[in-house]
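First comes the structure, then the notes that go with it.
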Amino acid sequence: MEDCIFCMLANGQIPTDMVYEDELCACFRDASPQAPVHMLLVPKKHIGSLNELECGDAELIAHMMLKIKEIAASEGLDNGYRCVINTGEDGGQTVPHLHIHILGKRSLLWPPG
Ligand code: 5GP
Ligand code: ZN
């Protein structure tokens, strides 16, 4: 989709700190990291949010979910990690292209313990 920053990052139109990519998805580092490791896993195809997912995207989403553990292992997140999908205004979504935050290398316990 034109004018979508994550489409441009995922498809190489804008250089970024890419951690992983294949024909379906891309994972790059968040520009404003909230943890020592903070990555965004996105589909290369434009999907606005969880609310725009269709049944035909099932294989793509399964593919992305199954990649998370590989990406986490490649970043040394052996002690665990958190995945977050902000959706819509109340969910705090600021970029309208579906993305899975993957955060790790610090304790993400909530409430902090
Ligand atoms: P959201 O708030 O939509 O769940 O998350 C959007 C995330 O994208 C934020 O964590 C923000 O720091 C990150 N972000 C926004 N613009 C860019 C960008 O141009 N490059 C990268 N790598 N991350 C971005
Ligand atoms: Zn997009």
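Which members of the stretch 55-113 meet the condition of being acidic (Asp, Glu) and more than 16 Å from ligand 1 (Cβ to nearest atom)?
Scanning the stretch 55-113 gives Asp57, Glu59, Glu70, Asp78.
Only residues that are hydrophobic (A, V, I, L, M, F, W, C) and within 12 Å of ligand 1 (Cβ to nearest atom): list them for the stretch 36-50, please.
Scanning the stretch 36-50 gives Met39, Leu40, Leu41, Val42, Leu50.
Sort out which residues of the stretch 1-16 are over 13 Å from the mean Cα position of the chain (by Cα) and either without any contact (Cβ under 8 Å) to a residue 40 or more places away in the chain or within 13 Å of ligand 1 (Cβ to nearest atom) (or both), and write them in order of number.
Within the stretch 1-16, Glu2, Asp3, Cys4, Ile5, Met8, Asn11, Gly12, Gln13, Ile14, Pro15, Thr16 qualify.
Consider Pro33 carefully, then state whether it is more than 13 Å from the chain's Cα centre (by Cα), loosely packed, with under 15 Cβ neighbours inside 10 Å, within 11 Å of ligand 1 (Cβ to nearest atom) and not charged (D, E, K, R).
Against the criterion (more than 13 Å from the chain's Cα centre (by Cα), loosely packed, with under 15 Cβ neighbours inside 10 Å, within 11 Å of ligand 1 (Cβ to nearest atom) and not charged (D, E, K, R)), Pro33 does not qualify.
Can you pull out every residue in the stretch 29-76 that is in contact (Cβ under 8 Å) with a residue 24 or more places away in the chain, within 21 Å of Glu89 (Cα to Cα) and among the small types (Gly, Ala, Ser)?
Gly48, Ser49
In the stretch 76-112, what count of residues is obtained for those that are of a type in the set (A, V, I, L, M), at pLDDT 95 or above and either assigned to a loop (DSSP other than H, G, I, E, B) or loosely packed, with under 12 Cβ neighbours inside 10 Å (or both)?
4
In the stretch 51-65, which residues are exposed (fewer than 15 other Cβ atoms within 10 Å of the Cβ) and over 23 Å from Thr16 (Cα atoms)?
The answer is Asn51, Glu52, Glu54, Cys55, Gly56, Ala58, Glu59, Ala62.
Quick one: Cys7 ticks every box in (1) in a helix (DSSP H, G or I); (2) under 19 Å from Ile71 (Cα atoms) bar one, so which box is it?
(2)
The values are calculated or read from the model by the stated rules, or taken from the named source; none is laboratory data. Keep in mind it's a predicted model, so treat the numbers as computed, not measured. Quick reminder, even Gly has a Cβ in these numbers, built from the backbone with ideal geometry, and neighbours come from all protein chains shown.
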